[in-house]
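Read through the structure below, which is laid out as structure tokens, and then see the notes.
Each reported figure results from applying straightforward, stated rules to the coordinates on display, with no laboratory input. Note that the coordinates shown come from a computational prediction; the quantities given were computed from them, not determined experimentally. Every residue, glycine as well, gets a Cβ built from its backbone with ideal geometry; the counts of neighbours run over all protein chains shown.
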């Protein structure tokens, strides 16, 4: 018998719902983005995001079910993001998921948002060989996870300061490109020369798998300020291309160092920054050289969506990991620091 999971995602500024069958067949994947609302603020405003989720959540779920051609009674479980993320935003999704699961008398499945990003890879590649090295790289996270089986996560490295996607947003802001910064940096970087300016790469200790991007951010900002003070011409495309290369160099080097250390032959990429085409190209080039397979989701599944939450929830459903109705939001939730979610 097929298992239909309703997934709900409201961790930040996307109100999303999806119906996924058996963890691989996406019957619907509805995403209502708030990007235009938050652009004028230069970033996500938590209170605004929460109120918008309240307005949209019921309609998004209704459309997801209609597109899937299913009724509530045909749903076997409800999977929802409970952290990390914005507290108010998370609570909207959690309260909605609880109400549906309770009303239908079906399991409530609590999914770590980062776990969801990893499982976006299992939608198109359900039979991935374990163990895996997972690089989760987004606006709020840059982490390396060793995954030895479904539901097992070991944190092996992460950012000590800014996340990679966060730095993209900040540099886009100082270049006056707008928000969100990642796609805008990538677009303008295509017109620039990535060797035009050398920006520092922080590799930390010799055996470290951690990341640090605050020094790079400061170096770019200082370069721009000094150039302005000297009335020197600044080529934003060269700055963007050189900055982007510095970020990608470290992400690639650290990830393959982790694969070598743990003798892993498969690397999966997850998170919004993975939508960057230059990043994917660099990973594939290095993978070919290292004889390691690199897997990443389709672009629509790199950014926040509910299909990945439903997919992760499916594997929890198979393991019988039902969440209690006392489930609460966990804004600072970690993944893999104790071998679990």
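Considering only beta bridges that DSSP places wholly inside the chain, some 60 percent are antiparallel.
Rg then Dmax, both in Å and based on the Cα atoms of the range 1-56: 13.9, 48.
Entry note, the chain: relative contact order of 26 percent, from Cα contacts under 8 Å with a spacing of 6+ residues.
Distance distribution note for the range 264-341: the fraction of Cα pairs above 14 angstrom is 74%. With the helix formula -39500 (n - 2.57) applied to DSSP H stretches of n ≥ 4, the chain reaches a computed 222 nm mean residue ellipticity of -14000 deg cm²/dmol. For the range 1-107, the extents of the C-alpha atoms along the principal axes are 47, 23, 21 Å, listed from largest to smallest. Every Cα-Cα pair in the range 19-178 was counted, and those over 29 Å apart are 29% of them. Calculate I(q)/I(0) for the range 75-146 by the Debye formula, one identical point scatterer on each C-alpha and no solvent, and give its log10 at q = 0.17 Å⁻¹ to two decimals. For the range 75-146, the Cα-only Debye profile gives -0.76.
Using a Förster distance of 22 Å, how high is the FRET efficiency between residue 36 and residue 176, based on the Cβ-Cβ distance and rounded to 0.05? About 0.75, to the nearest 0.05. Our estimate of slack between residue 130 and residue 63, defined as 0.36 nm per intervening residue step minus the Cα-Cα distance, is 20.5 nm.
Note on 171, 5: ascending count of other Cβ atoms within 10 Å places them as 171, 5, the fewest first.
Across the range 129-299, the mean sequence separation of Cα contacts (distance under 8 Å, 6 or more residues apart), normalised by length, yields a relative contact order of 26 percent. Annotation: the residues 207, 249, sorted from fewest to most other C-beta atoms within 10 Å of their own C-beta, follow the order 207, 249. Cβ-Cβ distance of residue 319 and residue 87, R₀ of 30 Å, FRET efficiency by 1/(1 + (r/R0)^6): the value works out to about 0.65. Sorted into 5 angstrom bins from 0, the C-alpha pair distances of the range 227-298 split as 3, 14, 24, 20, 14, 8, 7, 5, 4, 2, 0 percent. The fewest-to-most ranking of 285, 266 by surrounding Cβ atoms within 10 Å reads 285, 266. Using a cutoff of 8 angstrom between alpha carbon atoms and counting only pairs six or more residues apart, the relative contact order for the range 26-112 works out to 31 percent. Projecting label points 7 angstrom from Cα along Cα→Cβ for residue 230 and residue 281 puts them 3.0 nm apart. Counting only the Cα atoms, the chain fills a convex hull of 128 Å³ per residue. Which log10 I(q)/I(0) values, to two decimals, does the range 129-299 give at q = 0.15, 0.20 Å⁻¹ under the Debye formula with one point per Cα? Taken in order of the listed q values, log10 I(q)/I(0) reads -0.80, -1.33. By DSSP, the beta bridges lying fully in the range 129-299 are antiparallel in about 60 percent of cases.
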